[in-house]
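To start, the structure under review is shown below, and the notes come after it.
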Amino acid sequence: MHPSVYSLHLHLEDQHLVAFHAHDNLNNDLRSDFTAKSMLTEFFSTNQTNENARKLLYKEFPEAFVWNQQHKIWTPRKKKNVIGRIVTASPFEGERYYLRILLNHIRGPLSFDHIKTVGNVTAPTFREAATLHGLLQRDTSLQDCMQEASLYQIPHSLRRLFATILVYCNPTNPRELWEYFEQDMSSDFQTSVATSADIRTKVLRSISSTLESMGKDINMFHLIEHDVSFDQNETEAREINDEFAVSIPEEDLMASMSLNSEQQHAYESILQKVLLNESAAFFIDGPGGTGKTFLYKALLATVRSRNLIALATASSGVAASILPGGRTAHSRFKIPLDLDKNSTCCVSKQSALAKLLRLAKLIIWDEAPMSRKECMQALDKMLRDITDSRLPFGGKIIVFGGDFHQVLPVIRKGTRQEEVNASLASSYLWSTLTKIRLSENMRARFDPNFSNYLLQVGNGTTPITIENKIKIPNEMLIPYRNDVESLDDLIDAVFQDIGSYSENLSEMTNRAILTPKNNSVDEINTILIQRFPGTVTQYYSFDETIDTSEQGIMEDFLNTLTPNGLPPHELLLKKNCPIMLLRNVNPSEGLCNGTRLICRNFE
């Protein structure tokens, strides 16, 4: 009932409905300028004379203009209390349907021919125009992607791209894609003495390894007639060699010389257990900025430099990507997604992963409080099983780390627990851990007041107002004037001269505005991308209904949805702008959910 919905006319050129009286002269009606007008034609005409109108989509037009049916003209609206919706068209209607798609995405078209123009090219049909705008998914898009990559990518990179397409793009015929590009993906293995069978095995082994890092089995995609299998000893050797091959950065080797007293105590305590090969489990507790990651890197570098295996894991992909050779805990330990107290990791005693875990001298699990206690209990049971030991975690030296301030507290009836009842802390394993506390904030040494304030918030000791709301210091606030001006002030305070960031991209990626609502994120992103220097490139999602007969009815609705973890339907990008990855594409390569990237170019 509210707001009112304008039903907007949709027709091809010279195919709109014309009303006339029975006694009218049809020739006069056909030659009349008045009968030649419609909502759509006058939308084009208004765009030709009104610069502000050209900023609107056809469906947004009723928010700013009123359609006067008597005079067939759009006039400015005083109150924005209506919304517009273009009359539904089915894909079976052909050009009318594709015109509707274009009108839903192209702002300020001046005519039917203008809306078919892309760059300097006028497409012969609305369908081809929609394809050139990237609004229609072509059946050959995946093949085109591989074809383009084969022109400049080395075979190893091409195989990684192929594996990514298999996992995330759901090709309808993976075998056909494999057969078409097998030669391109195998050129680095082709020698004068290698047989075609040997080359194919090496290529499939390489693809299989990438798929395994993404949690998939190559046999799920049926690339060849029979299942692909590799020698068990070869698989074990690859798992172990991959860990020995993890690079050790020089700065991590030198990190042990720069530890503060608290970090040095933790470093020596853990390293002593590693060198003596004694069972031990630690928990490194400290707020953000106290150098937990710096300590982990120092430990990993020292252990690996002695030609020993150290496994680096974390609860999230972002935290794992920071650690050299890092993997998510679920990926490394094969922890089930659906857990209960009886769950265990999907690792058999005879597997290559079991052998790797038996050889590991140190296991680090960062951001452990983010995971449920059943995850640690499943790991404990699995390690005891593969090592035939009754000691906690199978006698392995394991280091958990994290910050309980970042875990939501459990509120008991009538009182608040003094200690955060996090997953790990409520596990039966908690008493077996040696707790080491880091308190010196290395990140905020030049701003101790802010550091202390954050600690007070985490401890629940900040000055509060009524209804237990935290009082934020005035020096941290931007005065509110109105929604538009205050938001501009916030953006200016955070990003300052946004036009100069292309010269120093690290400055941009180290700044962010946090907001609790997704619609605020979209609003701020739109403002920032407009201010960023360069030309905007638009990308659109392809939303499909399960029942194809409902595509024409539901497509507009699907385009308006932005579920958690998915980008908006219309993605606006510019060269050198920062973007965030929303999937764990390849955590072992640092391509995981939450990773910040820079848009270098567009294809």
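Please work out if residue 54 is in contact with a Leu (Cβ under 9 Å, 6 or more places away or on another chain), more than 16 Å from residue 10 (Cβ to Cβ) and surrounded by fewer than 14 Cβ atoms within 10 Å (Cβ to Cβ). Criteria not met by residue 54. So is residue 284 within 20 Å of residue 379 (Cβ to Cβ) and surrounded by 23 or more Cβ atoms within 10 Å (Cβ to Cβ) or not? Judged against the criteria, residue 284 is a match. The stretch 164-260 holds helices (runs of 4 or more DSSP H) entirely within its bounds, and those carrying 1 or more residues that are under 25 Å from residue 345 (Cβ atoms) and outside the structural domain of residue 326 (by TED's automatic domain parsing) map to 196-213, 232-244. Here residue 85 fulfils each of the conditions (1) touching a Ser or Thr at 6+ places or on another chain (Cβ under 9 Å); (2) buried (at least 17 other Cβ atoms within 10 Å of the Cβ) apart from (2). Once the stretch 120-174 is narrowed to residues that are within 28 Å of residue 103 (Cβ to Cβ) and among the acidic types (Asp, Glu), the residue that is surrounded by the most Cβ atoms within 10 Å (Cβ to Cβ) is 128. Restricting attention to the stretch 375-388, the residues that are at negative phi and without any contact (Cβ under 8 Å) to a residue 40 or more places away in the chain total 5. Selection of the stretch 544-575 for residues being part of a loop (DSSP other than H, G, I, E, B), more than 18 Å from the chain's Cα centre (by Cα) and at pLDDT below 85 yields 544, 545, 546, 547.
For beta carbons closer than 6 Å, sequence separation of 6+ or different chains, a first residue in the stretch 73-88 that is outside the structural domain of residue 560 (by TED's automatic domain parsing) and a second that is assigned to a loop (DSSP other than H, G, I, E, B) and at pLDDT 80 or above, the qualifying pairs are 86/10; 87/10.
The values are calculated or read from the model by the stated rules, or taken from the named source; none is laboratory data. All of these numbers come straight from a predicted model, not from anything done at the bench. In this analysis, Cβ positions are derived from the backbone assuming ideal geometry, glycine residues included, and neighbour counts consider all displayed protein chains.
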